[in-house]
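Comments concern the structure below.
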Amino acid sequence: MSDEKLNSLELDGKTFGVIGVCGIVGNLVARILMDRGYKVIGTDMSSKENCRFDSSFEGYDIKIYYGGHPKAFFKEIDYVFVPPSLPKKAKVFDFIEEADICILELGDIFKLFKPDKKVICISGTNGKTTTTQLLKKIAYSAGLKPCEHNLEGMQGNNEFIPSLQDRLNGDIAILETGTDGTPGGLKSVVDLTHPNFAILTNITPDHLVDPENTDKHKGFLDYAKVKGELIQGIEENEGTLIYNSDDPTVVGLLQELDYQGKSISFGLDYDNESSSTKPCWCGREIEIDEVIYGCGVYDCECGIRYEKPDYIASNISLENRSFTLEGPDGVYGFKLAMDGLHNIYNAVGAIIASRIFLDLSDDEIQNGLSQFTGALGRMEVMGEVEGKTIMVDYAHNPAGVKSVLQAVDEIYDKVAVVITVTSESGEEGDIEILKNAIGNVDYIIPASYDCKAAADKLLSIASEGEGDYDLNLLSSIFVFTEGEMEQKGVRTLGASQEQVLNGLETALKTDADLVLCLGEAAFKFDPAIKDFCKNQ
């Protein structure tokens with residue numbers, strides 16, 4: 001609808017009909033309208049029992065017609081919202097035309113109802129979920145109410161969730177904003193959410209634009225440029241960017257984009273005695289003295305080099321989960337309730353945002369940190385079997401896997417990891433995940449078809465006296481489940497529930513004191529893992 005026509009609409013005292021209130025978009029639009037005091041009537045083809053997000057309407061005064069779109073619905077409303085998923089040839093449009101009702105589409109909702117609060121967008125390949133949830137916990141503990149989508153089982157970065165979420169009731173909007181690597185996707189989210197602040201956690205190979213592209217260097221940097229859409233959006237909105245300057249890809253991206261906006265950098269002072277390389281923007285490989293995978297101290301001939309950040313965490317004790325944060329506003333000691341160097345990165349980003357975005361004191365921030373034990377599915381303990389701790393983590397790309405395994409290696413004596421992953425980067429990603437596990441764990445149990453294929457390939461290469469690993473080493477690390485491994489994965493859901501549990505049972509036969517189930521399948525089937533633990 002044109003801006004002129006939208007501005008001429010008489011909305012006061014009108015009743016809005018929302019078609020598809022059991023879907024993501026319909027649900028959120030209905031609640032946005034009710035949050036602004038409008039009367040809303042909903043309809044959906046689903047029954048009440050099958051309305052997936054029905055619980056999110058608790059506390060709202062909404063009448064819903066389930067199981068169809070009756071004529072009574074169209075007689076009671078002045079405007080009707082139709083979701084973008086509804087086919088233009090759907091019969092319901094005949095009813096709308098017959099009743100002569102003005103149609104509102106999603107773009108009209110975005111124009112009519114702008115965000116009325118401060119907004120922060122959090123993005124990056126790894127850590128965005130934990131950083132988002134930690135920042136929310138700090139806000140809640142200080143008496144602030146972030147707007148919540150309340151869609152059970154949905155991640156906050158799916159479809160139109162962030163762009164609608166920040167139009168719901170709340171004091172502030174803390175939004176997880178992801179991307180599948182498609183150009184324009186993140187820009188669309190930023191344009192619709194209007195953020196004042198942003199956190200960029202890191203950029204590591206994951207959602208490559210073209211996994212079949214033989215030029216992996218270009219594929220990775222193309223993916224990084226998609227993350228740059230957040231940077232450009234913040235500059236256009238005259239906002240503040242909080243970024244991890246230990247990541248040379250992020251620092252190089254800022255130079256590539258000639259970013260001139262406000263920014264705050266952060267990093268860690270910690271010697272992990274390991275190294276890695278990443279593609280540099282100049283075409284070379286840049287060497288990194290690692291803190292965690294892809295982040296640390298670096299120096300490239302092209303001029304991209306490490307500099308001390310505005311905020312730096314030092315005096316890090318992984319055992320005590322403590323560190324000192326030094327910044328322009330002084331030095332303060334913090335203590336976490338979760339493990340791992342990667343979580344210190346997440347915490348530092350959240351602490352800076354708490355200071356400048358939430359305007360909180362360090363004592364208020366520490367109160368929130370003390371209450372946050374980790375995001376759902378992130379190093380989450382399921383139970384204990386035969387003296388072994390059973391844990392689940394959603395990590396599903398090489399960087400995430402390495403960070404989590406480095407964290408548990410610091411805590412447990414012997415670790416068996418059940419890998420349920422099918423990498424979004426194809427075979428190369430599956431092999432990289434295994435390489436990042438070797439050396440950080442004692443046993444690897446491939447629980448997905450693709451992980452098993454990658455393990456077989458590494459063993460085959462080693463048997464020919466080639467590759468990076470000795471055959472005896474790999475033979476002692478890889479522990480396979482019984483029987484042939486069938487392809488059960490659907491896209492990145494690498495394994496079936498049966499394969500996950502078979503991997504868990506196999507891991508329990510080792511002498512590890514931690515069994516860690518990794519990947520999207522492990523996260524999805526964690527209720528079955530919990531039941532397994534209870535029944536042993």
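The values are calculated or read from the model by the stated rules, or taken from the named source; none is laboratory data. Please read these numbers as outputs of a predicted model, since none were measured by experiment. Ideal geometry is used to build each Cβ from the backbone, glycine not excepted, and the neighbour counts take in all protein chains shown. Areas reflect the complete protein model, heavy atoms only, side chains present, ligands, DNA and RNA absent. Shrake-Rupley method; radii C 1.70, N 1.55, O 1.52, S 1.80 Å.
Once you have the alpha carbon radius of gyration of the stretch 96-239, what is it after dividing by 2.2 N^0.38 Å, with N set to its residue count? List each step's numbers first, then the result.
Numbers: Rg = 16.9 Å, N = 144, 2.2 N^0.38 = 14.5 Å.
Computed over Cα atoms of the stretch 96-239, the ratio equals 1.16.
If you line up the Cα atoms of the stretch 24-69 on their principal axes, what length do they span on each, largest first, in Å?
Between the extreme Cα coordinates on each principal axis of the stretch 24-69 lie 27, 19, 18 Å.
What is the percent carbon and sulfur in the accessible area of the stretch 393-448, measuring with a 1.4 Å probe over the protein chains and ignoring ligands? Let's see the in-between values first.
On the way: 540 of 1470 Å².
Carbon with sulfur: 37 percent of the solvent-accessible area.
Taking every Cα atom in the stretch 183-322, find the radius of gyration and the maximum pairwise distance Dmax, and write them in Å.
Using the Cα atoms of the stretch 183-322, the pair Rg, Dmax is 15.5, 44 Å.
Would you mind listing how long the stretch 241-398 runs along its three principal axes, going by Cα atoms, in whole Å with the largest first?
Each principal axis gives a Cα extent; for the stretch 241-398 these are 53, 39, 25 Å.
Given +1 on the Cβ of Lys and Arg, -1 on the Cβ of Asp and Glu, and no further charges, what dipole in debye does the stretch 64-140 carry about its Cα centre, rounded to the nearest 20?
Once rounded to the nearest 20, the dipole reads 680 debye.
To the nearest 0.05, what FRET efficiency results for Glu464 and Ser317 with a Förster distance of 51 Å applied to their C-beta separation?
On the way: r = 45 Å, r/R0 = 0.87.
After rounding to 0.05, the efficiency reads 0.70.
Which helices count as membrane-span-like in the chain under these terms: full DSSP H, at least 27 Å along the axis by C-alpha, Kyte-Doolittle mean of 1.0 or more?
For the chain, where a helix must reach 27 Å along its axis and average at least 1.0, there are no hits.
Give me the distance in nm between label points sitting 7 Å out from Cα along the Cα-to-Cβ direction at Ile101 and Ser2, one decimal.
2.5
Can you tell me the FRET efficiency between Asp456 and Lys534 if r is taken as the Cβ-Cβ distance and R0 is 30 Å, rounded to the nearest 0.05?
0.30
Give me the Kirkwood hydrodynamic radius of the chain in Å, from all C-alpha pairs, to one decimal place?
Value: 24.9 Å, from the Cα pair sum.
Could you give the length gained by full extension between Asp329 and Glu236, i.e. 0.36 nm per residue of separation minus their alpha carbon distance, to one decimal place?
Length gained between Asp329 and Glu236: 30.8 nm.
List residues of the stretch 439-469, by number, whose backbone nitrogen lies under 17 Å from a label position 7 Å along Cα→C-beta of Ile411.
Of the residues in the stretch 439-469, 440-442 have backbone N under 17 Å from the label point off Ile411.
Can you compute the helix-only [θ] at 222 nm over the chain? Use -39500 (n - 2.57) per DSSP H run of at least 4 residues, normalise by all residues, nearest 500 deg cm²/dmol.
Details: 19 runs with 192 residues, N = 536.
Theoretical 222 nm ellipticity from helices: -10500 deg cm²/dmol.
Can you give the extra length, in nm with one decimal, that the chain gains between Leu9 and Ser275 once fully stretched, where that is 0.36 nm per residue apart less the Cα-Cα distance?
Numbers: separation 266, 0.36 × 266 = 95.76 nm, distance 6.09 nm.
My answer for the length gained is 89.7 nm.
Out of all DSSP beta bridges with both ends in the chain, state the antiparallel percent to the nearest 5.
Close to 35 percent.
Quick check: pseudo-label points 7 Å beyond the Cα along Cα→Cβ at Gln497 and Arg305, how many nm apart are they?
5.7
Per residue, what accessible area does the stretch 18-101 have, given a 1.4 Å probe and all protein chains present, in Å²?
On the way: 4250 Å² over 84 residues.
For the stretch 18-101, the solvent-accessible area averages 51 Å² per residue.
Which residues make up the longest stretch of the chain clear of trypsin sites (Lys or Arg not before Pro) that lie in a DSSP loop with no more than 10 other Cβ atoms within 10 Å, not counting the sites?
The segment 92-490 is the longest one with no such site.
At a 1.4 Å probe radius, carbon and sulfur cover how many percent of the accessible area of the stretch 83-195?
Carbon plus sulfur share of accessible area: 50 percent.
To the nearest Å, what is the center-to-center distance of the stretch 235-269 and the stretch 458-536, using C-alpha atoms only?
38
Compute and list, largest first, the equivalent-ellipsoid semi-axes of the stretch 39-156 from the alpha carbon gyration tensor, each √(5λ) rounded to a whole angstrom.
34, 17, 15
After finding the eigenvalues of the alpha carbon gyration tensor for the stretch 360-405, what semi-axes result from the square roots of 5 times each, listed largest first in whole Å? Could the numbers behind the result be given before it?
Numbers: eigenvalues 143, 56, 12 Å².
Here the semi-axes work out to 27, 17, 8 Å.
With only Lys, Arg, Asp and Glu charged, each at its Cβ (+1 for the first two, -1 for the last two), find how big the charge dipole of the chain is about the Cα centre; round to the nearest 20 debye.
The dipole magnitude comes to about 1800 debye.
Give me the number: length gained by fully extending Leu257 to Asp513, i.e. 0.36 nm times residue separation minus the C-alpha to C-alpha distance, one decimal in nm.
Length difference between fully extended and current span is 87.4 nm.
Using Cα pairs closer than 8 Å and at least 6 residues apart in sequence, work out the relative contact order for the chain, in percent. Please list the in-between numbers first.
On the way: 1106 pairs, mean separation 55.0, N = 536.
So the answer I get is 10 percent.
Quote the charge dipole size of the stretch 182-338 about the Cα centre in Debye, to the nearest 20; the model charges only the Cβ of Lys and Arg (+1) and of Asp and Glu (-1).
With only Lys, Arg, Asp and Glu charged at Cβ, the dipole is about 300 debye.
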